[in-house]
Amino acid sequence: MTTLLVLIVLVLLSVAVWQMTKIFDLTQVGRKCDDSQVATDNDNNVQGYLMFGFLAFLNIFIIFGLLKWGHLVLTNPASEHGADYDNLMWISFAIIFFVQTITQALLHYFAFKYRGNKDRKALYYADNDKLEFIWTIIPVIVLAGLILYGLYTWTNIMFIDEDEDTIVIELYAKQFSWEARYAGEDNVLGKANVRLIEGINTMGVDVNDPNAQDDIAVSELHIPKGKKVHFKFRSQDVLHSAYMPHFRAQMNCVPGMVTEFAFKPIMTTDEMRQDAKMQEKVATINKIRAKKSAQLVAEGKTPLDPYTFDYLLLCNKICGASHYNMQMKIVVDTPQDFQAWLKDKGTIVNAVKEEKAKANAEATPVVVPVAKKADTTVVAEVVDTTVVKK
Ligand SMILES: [Cu+2]
């Protein structure tokens, strides 16, 4: 609301300034002044120095941004391939930063140096093959290197060795939540189809498929440290994107097809909570929360709970009104803790069977003794009469 008011005030102020300029122009009518459309040397000088002003603004803003928001970047990747991913990003950043600093400085310097001047004549210069060759070949080499390095990293990250010992987990996206399905002992997910969604079978698993018999559905994702997890993604409705920033992983979830991504977690949730840089981030968040809590308490409301770190699976495609809240907690356990957690989880097939049995039991007509039935009818009649009398 405050933002909206500020915006309205800014718009009204701009309109006021614009109107005042028009009034000022009108008061100048009849006076001797230079209203020529041709720039004078003085105009060109002003524009030339403004070029430097803009260059200074650009660089000051970059430095300010790095100092103010630089700490928000995630550190310490929690997956094996995360370090390669981060290296690619930092090298790209470094090259872009270096090249843009030099080119922007040159661009603005020459715009200043060759600003308009009445005594200067433009030089007709057709072309220079040597110069053109240099400024073409340098970007070609740098870009080719960067692209090849990117492709190499991408291929390495996306490669899934079919023979490797992995855990197969399905992530099912829908507006606006996630569900997870473990492939069970056979490590093969049973078939699923959106048309089979019914009752408790919210992921549409084909309960008659032999591979589906040991599949397990959960609402909180647990994965073991040190073992490659092979994710298969599906979507029930629209495009979603499974985004696990701490693991440097993201994959689109597309209705009607299965997409994949595999990574090996290398830090348990507890280990990440102990990480010095993560603790710093958590402390900053809690400082903001404490401030907000004090405000809430003053208003007589309940204060916020302190934040503890957890890995998250988020949706990274704007998929509807509650997209912002489409998330699922991820817990990275030690292999022992993971086994202990998974051990007592029931299968989807059993849950569906139980649901059916329950529904059947409810649908079977209950034999009511005749006397009791008569009583009920009488009561009903009495009630009815009362209503009519009123
Ligand atoms: Cu979504």
Looking at residue 196 and the list (1) within 16 Å of the ligand (Cβ to nearest atom); (2) surrounded by fewer than 19 Cβ atoms within 10 Å (Cβ to Cβ); (3) more than 28 Å from residue 73 (Cα to Cα), which single condition is not satisfied?
(1)
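Output the number of residues of region 161-213 satisfying the condition of being assigned to a loop (DSSP other than H, G, I, E, B) and among the β-branched types (Val, Ile, Thr).
Residues of region 161-213 assigned to a loop (DSSP other than H, G, I, E, B): 161-165, 175-176, 183-191, 193, 197, 199-200, 202-204, 206-209, 213.
Restricting the remaining residues to those that are among the β-branched types (Val, Ile, Thr) gives 188, 197, 200, 202, 207.
Looking only at that region, the number is 5.
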Residue count, region 207-235 (criterion: in contact with an Asp or Glu (Cβ under 9 Å, 6 or more places away or on another chain) and either of a type in the set (Ser, Thr, Tyr) or within 14 Å of the ligand (Cβ to nearest atom) (or both)):
3
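When residues of region 125-160 are filtered for being of a type in the set (A, V, I, L, M, F, W, C), more than 30 Å from residue 257 (Cα to Cα) and assigned to a helix (DSSP H, G or I), how many remain?
Initially, region 125-160 is screened for residues of a type in the set (A, V, I, L, M, F, W, C), giving 126, 131, 133-135, 137-138, 140-144, 146-148, 151, 154, 157-160.
Narrowing the set further to residues that are more than 30 Å from residue 257 (Cα to Cα) leaves 126, 131, 133-135, 137-138, 140-144, 146.
If we keep only those that are assigned to a helix (DSSP H, G or I) too, we end up with 131, 133-135, 137-138, 140-144, 146.
Residues flagged as of a type in the set (A, V, I, L, M, F, W, C), more than 30 Å from residue 257 (Cα to Cα) and assigned to a helix (DSSP H, G or I) within region 125-160 amount to 12.
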Specify the residue that is nearest to residue 317 (Cα to Cα); the eligible residues are those in region 169-187 that are away from the ligand (no atom under 16 Å from the Cβ) and out of contact with any Phe, Trp or Tyr (no Cβ under 8 Å at 6 or more places or on another chain).
182
Residues within region 88-111 that are in contact (Cβ under 8 Å) with a residue 40 or more places away in the chain and either buried (at least 16 other Cβ atoms within 10 Å of the Cβ) or within 30 Å of residue 278 (Cβ to Cβ) (or both), tallied
6
Matching option when the condition is of a type in the set (A, V, I, L, M, F, W, C) and not in a helix (DSSP H, G or I), among 94, 111, 122, 105
122
Among the residues of region 318-334, the number that are within 16 Å of residue 231 (Cβ to Cβ) and among the charged types (D, E, K, R) is 1
Do we have residue 250 as within 16 Å of the ligand (Cβ to nearest atom), at pLDDT 90 or above and in contact with a helix residue (DSSP H, G or I) (Cβ under 7 Å, 6 or more places away or on another chain) here?
no
For residue 238, state whether it is at pLDDT 85 or above, within 16 Å of the ligand (Cβ to nearest atom) and in a loop (DSSP other than H, G, I, E, B).
yes
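Yes/no matrix, rows are residues, columns are (1) in contact with a strand residue (DSSP E or B) (Cβ under 7 Å, 6 or more places away or on another chain); (2) in contact (Cβ under 8 Å) with a residue 12 or more places away in the chain; (3) surrounded by fewer than 10 Cβ atoms within 10 Å (Cβ to Cβ); (4) closer than 21 Å to residue 240 by Cα:
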{"position": "114", "(1), (2), (3), (4)": "no, no, no, no"}
{"position": "122", "(1), (2), (3), (4)": "no, no, yes, no"}
{"position": "127", "(1), (2), (3), (4)": "no, no, yes, no"}
{"position": "158", "(1), (2), (3), (4)": "no, yes, no, yes"}
{"position": "181", "(1), (2), (3), (4)": "yes, yes, no, yes"}
{"position": "202", "(1), (2), (3), (4)": "yes, yes, no, yes"}
{"position": "212", "(1), (2), (3), (4)": "yes, yes, no, no"}
{"position": "216", "(1), (2), (3), (4)": "yes, yes, no, no"}
Working carefully through the options 145, 70, find the one that is free of Cβ contacts under 8 Å to residues at least 40 places away in the same chain and surrounded by 12 or more Cβ atoms within 10 Å (Cβ to Cβ).
145
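A quick yes/no check of all residues on (1) aliphatic (A, V, I, L, M); (2) within 28 Å of residue 108 (Cβ to Cβ):
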position: 13; (1), (2): yes, no
position: 16; (1), (2): yes, no
position: 38; (1), (2): yes, yes
position: 46; (1), (2): yes, yes
position: 49; (1), (2): no, yes
position: 58; (1), (2): yes, yes
position: 70; (1), (2): no, yes
position: 74; (1), (2): yes, no
position: 88; (1), (2): yes, no
When the residues of region 115-154 are narrowed to those that are at pLDDT below 90 and among the hydroxyl-bearing types (Ser, Thr, Tyr), which ends up farthest from residue 40 (Cα to Cα)?
125
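The values are calculated or read from the model by the stated rules, or taken from the named source; none is laboratory data. Computed from a predicted structure; not experimentally measured. FYI the Cβ positions are ideal-geometry reconstructions off the backbone, even for glycines, and counts take in every protein chain you see.
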